[in-house]
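One structure is given below, encoded as structure tokens.
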Amino acid sequence: MPSISRLTDPMFGSPPVLAIFSDTGTVRRMLDAEAALARAEAHCGVIPAQAAAVITEVCADVGVIDLDALAQSAVAAGNLAIPFVKQLTAAVARRDAEAGRYVHWGATSQDIIDTGAMLQLADALQVVVDGLQGIDNDLLRLGDACATLATAHRTTPMVARTWLQHALPTTFGLKAGGWLDALRRDVIRLRQSADQARVLQFGGAAGTLASLGDKAPAVAAQFARELRLDLPALPWHAHRDRLVAVATALGMLTGTLGKMARDLSLMMQTEVGEVAEPSGPGRGGSSTMPHKRNPVGCAAVLTVAVRVPPLVATMLAGMVQEHERALGGWQAEWDTLPQIVTLAAGALRQLGDVAAGLEVDAARMRANLDLTHGLILGEAAMLALGGRIGRLEAHHVVEAASRRAGEQGETLRVALAATLAANPAHATLLDDAELDRLSDPAHYAGQSAAFADAAVAAWQALRAA
């Protein structure tokens, strides 16, 4: 497994992605790489076709590799591939001694480990296993849920908060639209980086493929076709930018998810109460306080958002590698990249469930707009007056009215009417109808609905592409 705890992996991971990066999943993809290499070499006349057939048959059974022995032998070997190839060769030789001579022909350890990792990465980003979704599918699912929220609540008024304080009215549709548009950019980044990383690693001992002579180009091309990977222009043993691009794209995705989870968890606070995570047996309760409904999905996502950035930093640091093969930088990726992928997948799964079943309390959102007794609309009143008496004077008038509202316990509408009436030059500036309009938060949400619509339209265009 990509972490060390079977107890917490289900909390922070996604079942199909955890399976992909499990010990068995890793060995499975290394076996696939060895079998494909043998078939490619047989196709090009490098090894006998019979040997390739036996190697492929043996590689079909992941049980030919003793995982415990592999782990112990890797300590001295320095990587998994050396004892892996030794076990595989022995298993093939038991079936056919001649075929055993051709296992791993012309390849190096890093070719098999990296190619296996590319296959795992492709699986994790795109796979659908037994109806369970991979990262790309879960990302689309979450975006669709946000698009539904943005559309349904495009005009639902709520408080916009800056520095955690009431600022101006906005709509919940715009807030959901902001999440949605960030997710759209994450989809684009992740797909671009995944496309670049879907490549074969095949360079032999020093990246020259000297072991295959003039057959090297043909074998490499066929090897890539066997695994449905792209063939890069040259081996990339010590150039890790493709994998780091995926890691950073997933790092930004977890940042987006963390932003969403932070917003939702703050909106779930008892004093705010504007949304709630979906409820269910055993979900969000407390061991001592039966009344509590904790944002457990958001907590899991926020945990991932804390854990992933240092892992991405490790991937970036590991890019500085020595000459043609790395001493430490490559090895640092082995556990780091799977952890990034599985954590991101787990956060997507958690937040997808939250967004799909999110309970939105529009009445509470509207009530929270009234907590300042209309002061949240001071800018609207100032601008309305500013067009008649100038911005600075209007600011003074509304400031005085706001102060009176606080001192007298009045609404801003009442205090503003009284402040204007007290000055003959201002008494007729705003009539009752305009004061009522300026006191309605729904009339000062600006382009909120249009922005929400724009986010949904951009998302739908991505889905249709």
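Pick out the one residue from Gln331, Gln350 that is part of a helix (DSSP H, G or I), open to solvent by 10 Å² or more (accessible area, probe 1.4 Å) and in contact with a helix residue (DSSP H, G or I) (Cβ under 8 Å, 6 or more places away or on another chain). Even if it seems obvious, please write down each step before you answer.
Numbers: Gln331 fails: in contact with a helix residue (DSSP H, G or I) (Cβ under 8 Å, 6 or more places away or on another chain).
Result: Gln350 is the single residue among Gln331, Gln350 that is part of a helix (DSSP H, G or I), open to solvent by 10 Å² or more (accessible area, probe 1.4 Å) and in contact with a helix residue (DSSP H, G or I) (Cβ under 8 Å, 6 or more places away or on another chain).
Just checking, does the stretch 15-33 include any residue being touching a His at 6+ places or on another chain (Cβ under 8 Å), open to solvent by less than 50 Å² (accessible area, probe 1.4 Å) and under 30 Å from Ala326 (Cβ atoms)?
From the stretch 15-33, those touching a His at 6+ places or on another chain (Cβ under 8 Å) are none; that's our starting set.
Scanning the stretch 15-33 turns up no residue that is touching a His at 6+ places or on another chain (Cβ under 8 Å), open to solvent by less than 50 Å² (accessible area, probe 1.4 Å) and under 30 Å from Ala326 (Cβ atoms).
Select from the stretch 391-412 the residues that are acidic (Asp, Glu) and more than 21 Å from Pro441 (Cα to Cα) and list them in ascending order.
Hits for the stretch 391-412 are Glu393, Glu407.
(1) more than 38 Å from the chain's Cα centre (by Cα); (2) of a type outside the set (Lys, Arg); (3) buried (at least 23 other Cβ atoms within 10 Å of the Cβ): which one isn't true of Phe84, the others all being true?
(1)
Answer with yes or no whether Thr342 is out of contact with any Cys (no Cβ under 6 Å at 6 or more places or on another chain), part of a helix (DSSP H, G or I), open to solvent by less than 50 Å² (accessible area, probe 1.4 Å) and within 21 Å of Ala194 (Cα to Cα).
So Thr342 fits the description; yes.
Filter the stretch 38-73 down to the residues that are polar (S, T, N, Q) and more than 16 Å from Ala99 (Cβ to Cβ), then identify the one that is least open to solvent (accessible area, probe 1.4 Å). Outline the logic, then answer.
We begin by selecting, within the stretch 38-73, every residue polar (S, T, N, Q); these are 50, 56, 72-73.
When the remaining residues are screened for being more than 16 Å from Ala99 (Cβ to Cβ), the result is 72-73.
On the way: Gln72: 137, Ser73: 56 Å².
Across the stretch 38-73, the extreme among qualifying residues is Ser73.
What is the one condition in (1) within 29 Å of Leu343 (Cβ to Cβ); (2) in a helix (DSSP H, G or I) that Ala36 does not satisfy?
Just one mismatch for Ala36, condition (1).
For Leu412, work out the one condition from (1) more than 30 Å from Gly177 (Cα to Cα); (2) loosely packed, with under 15 Cβ neighbours inside 10 Å it doesn't fulfil.
(2)
Restricting the first residue to the stretch 91-119 and requiring it to be modelled with pLDDT of 95 or more, which pairs with a second residue that is aromatic (Phe, Trp, Tyr) and open to solvent by 20 Å² or more (accessible area, probe 1.4 Å) meet a Cβ separation below 9 Å and a spacing of at least six or different chains?
As it stands, the answer is Val92/Tyr102; Ile113/Trp334; Ala117/Trp334, since those pairs meet every condition given.
Name the residue that is nearest to Ala458 (Cα to Cα), counting only residues in the stretch 181-224 that are of a type in the set (Val, Ile, Thr), within 33 Å of the chain's Cα centre (by Cα) and open to solvent by less than 50 Å² (accessible area, probe 1.4 Å). It would help to see each step written out before you state the result.
At the first step, the residues of the stretch 181-224 found to be of a type in the set (Val, Ile, Thr) are 187-188, 199, 208, 219.
If we keep only those that are within 33 Å of the chain's Cα centre (by Cα) as well, we get 187-188, 199.
Restricting the remaining residues to those that are open to solvent by less than 50 Å² (accessible area, probe 1.4 Å) gives 187, 199.
Numbers: Val187: 12, Val199: 30 Å.
Among those that are of a type in the set (Val, Ile, Thr), within 33 Å of the chain's Cα centre (by Cα) and open to solvent by less than 50 Å² (accessible area, probe 1.4 Å), it is Val187.
Looking at (1) modelled with pLDDT of 95 or more; (2) open to solvent by less than 20 Å² (accessible area, probe 1.4 Å); (3) touching a Pro at 6+ places or on another chain (Cβ under 9 Å), can you tell me which one Ala124 breaks?
Answer for Ala124: the failing condition is (1).
What tally of residues in the stretch 1-60 results from selecting those that are in contact with a Lys or Arg (Cβ under 7 Å, 6 or more places away or on another chain) and free of Cβ contacts under 8 Å to residues at least 24 places away in the same chain?
The total comes to 1.
Can you find, within the stretch 437-452, the residue that is most open to solvent (accessible area, probe 1.4 Å) among those that are among the hydrophobic types (A, V, I, L, M, F, W, C) and part of a helix (DSSP H, G or I)? I'd like the intermediate steps shown before the answer.
Looking only at the stretch 437-452, we keep the residues that are among the hydrophobic types (A, V, I, L, M, F, W, C), and these are 438, 442, 445, 449-452.
Okay, now just the ones that are also part of a helix (DSSP H, G or I), so 438, 442, 449-452.
Values: Leu438: 18, Ala442: 61, Ala449: 22, Ala450: 48, Phe451: 119, Ala452: 0 Å².
Within the stretch 437-452, the match that is most open to solvent (accessible area, probe 1.4 Å) is Phe451.
Quick one: would you say Gln321 is touching a Leu at 6+ places or on another chain (Cβ under 9 Å), assigned to a loop (DSSP other than H, G, I, E, B) and in contact (Cβ under 8 Å) with a residue 24 or more places away in the chain? Before the answer, list the steps.
Details: touching a Leu at 6+ places or on another chain (Cβ under 9 Å): yes; assigned to a loop (DSSP other than H, G, I, E, B): yes; in contact (Cβ under 8 Å) with a residue 24 or more places away in the chain: yes.
Answer is yes for this residue.
Taking the condition part of a helix (DSSP H, G or I), out of contact with any strand residue (DSSP E or B) (no Cβ under 8 Å at 6 or more places or on another chain), open to solvent by less than 50 Å² (accessible area, probe 1.4 Å) and of a type in the set (D, E, K, R), does Glu434 pass? Break it down stepwise before answering.
Numbers: part of a helix (DSSP H, G or I): yes; out of contact with any strand residue (DSSP E or B) (no Cβ under 8 Å at 6 or more places or on another chain): yes; open to solvent by less than 50 Å² (accessible area, probe 1.4 Å): yes; of a type in the set (D, E, K, R): yes.
Criteria met by Glu434.
Which one is farthest from Gly45 (Cα to Cα), of the residues in the stretch 232-245 that are part of a loop (DSSP other than H, G, I, E, B) and touching a strand residue (DSSP E or B) at 6+ places or on another chain (Cβ under 9 Å)? Let's see the steps before the verdict.
Narrowing the stretch 232-245 to residues part of a loop (DSSP other than H, G, I, E, B): 232-240.
Adding the requirement that they be touching a strand residue (DSSP E or B) at 6+ places or on another chain (Cβ under 9 Å) leaves 232, 236.
Working: Pro232: 22, Trp236: 26 Å.
Checking each candidate, the answer is Trp236.
Just to verify a result, which residue in the stretch 394-408, among those that are surrounded by fewer than 20 Cβ atoms within 10 Å (Cβ to Cβ) and either in contact with a His (Cβ under 9 Å, 6 or more places away or on another chain) or among the hydrophobic types (A, V, I, L, M, F, W, C) (or both), is modelled with the highest pLDDT?
Residues of the stretch 394-408 surrounded by fewer than 20 Cβ atoms within 10 Å (Cβ to Cβ): 395-396, 399-400, 403-404, 406-408.
Pick out the ones that are also either in contact with a His (Cβ under 9 Å, 6 or more places away or on another chain) or among the hydrophobic types (A, V, I, L, M, F, W, C) (or both) and you get 400, 406.
Details: Ala400: 95, Gly406: 92.
Looking at residues that are surrounded by fewer than 20 Cβ atoms within 10 Å (Cβ to Cβ) and either in contact with a His (Cβ under 9 Å, 6 or more places away or on another chain) or among the hydrophobic types (A, V, I, L, M, F, W, C) (or both), I get Ala400.
For the stretch 24-69, which residues satisfy the criterion of being over 14 Å from Phe84 (Cβ atoms) and of a type in the set (Lys, Arg)?
If the condition is that a residue be over 14 Å from Phe84 (Cβ atoms) and of a type in the set (Lys, Arg), then Arg39 is the only one that fits.
Identify the residue in the stretch 373-391 that is in contact (Cβ under 8 Å) with a residue 40 or more places away in the chain and not hydrophobic (A, V, I, L, M, F, W, C) and, among all such residues, is least open to solvent (accessible area, probe 1.4 Å).
Per the criteria, the residue is Gly374.
In the list Ala245, Ala249, which residue meets the criterion of being out of contact with any His (no Cβ under 6 Å at 6 or more places or on another chain), surrounded by fewer than 20 Cβ atoms within 10 Å (Cβ to Cβ) and either under 16 Å from Met319 (Cβ atoms) or acidic (Asp, Glu) (or both)? Steps first, answer last, please.
Numbers: Ala249 fails: surrounded by fewer than 20 Cβ atoms within 10 Å (Cβ to Cβ).
Going through Ala245, Ala249 in turn, just one is out of contact with any His (no Cβ under 6 Å at 6 or more places or on another chain), surrounded by fewer than 20 Cβ atoms within 10 Å (Cβ to Cβ) and either under 16 Å from Met319 (Cβ atoms) or acidic (Asp, Glu) (or both): Ala245.
Select from the stretch 143-169 the residues that are open to solvent by less than 50 Å² (accessible area, probe 1.4 Å) and among the polar types (S, T, N, Q) and list them in ascending order.
Thr156
The values are calculated or read from the model by the stated rules, or taken from the named source; none is laboratory data. Computed from a predicted model, the values in this text were never measured in an experiment. Neighbour counts are summed over all protein chains in view; Cβ atoms, including those assigned to glycine, are modelled from backbone coordinates with ideal geometry. Ligands, DNA and RNA are stripped out before the accessible areas are found, and what is left, the full protein with its side chains, is counted by its heavy atoms. Shrake-Rupley method; radii C 1.70, N 1.55, O 1.52, S 1.80 Å.
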